[in-house]
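Worksheet for the structure shown next.
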Amino acid sequence: VKSTYQVTNMVEKEFKNQLLSECWVIDATGIHNKLGTSTLNILYHKDYGFLEMNYAFYNGAKIQFILEEVTKL
């Protein structure tokens with residue numbers, strides 16, 4: 001698998017009634033020589049980590065992860 005990642009944008013995102021600035025949009029592509037291409041779109045914030053991850057796999061399957069809650073340890 002050959003994977004590439006690229007930061008494509010910086011956006012604002014509302015999370016729990018708070019506007020988060022400087023959220024990075026990262027696009028990734030993985031190409032497998034036999035199975036095909038899978039993609040990943042990530043929304044990342046420096047303080048909260050991964051806000052969203054949207055996977056689209058070579059076989060048509062899709063998975064979406066969305067941050068629901070932040071707790072302090």
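The values are calculated or read from the model by the stated rules, or taken from the named source; none is laboratory data. Since we're looking at a predicted model, the values are computed, not measured. Accessible surface is based on the protein model in full, side chains and every heavy atom, while ligands, DNA and RNA are left aside. Shrake-Rupley method; radii C 1.70, N 1.55, O 1.52, S 1.80 Å.
The residues of the chain present an accessible area of 79 Å² per residue when probed at 1.4 Å with all protein chains retained. Across the alpha-carbon atoms of the chain, the computed radius of gyration and Dmax are 14.1, 45 angstrom.
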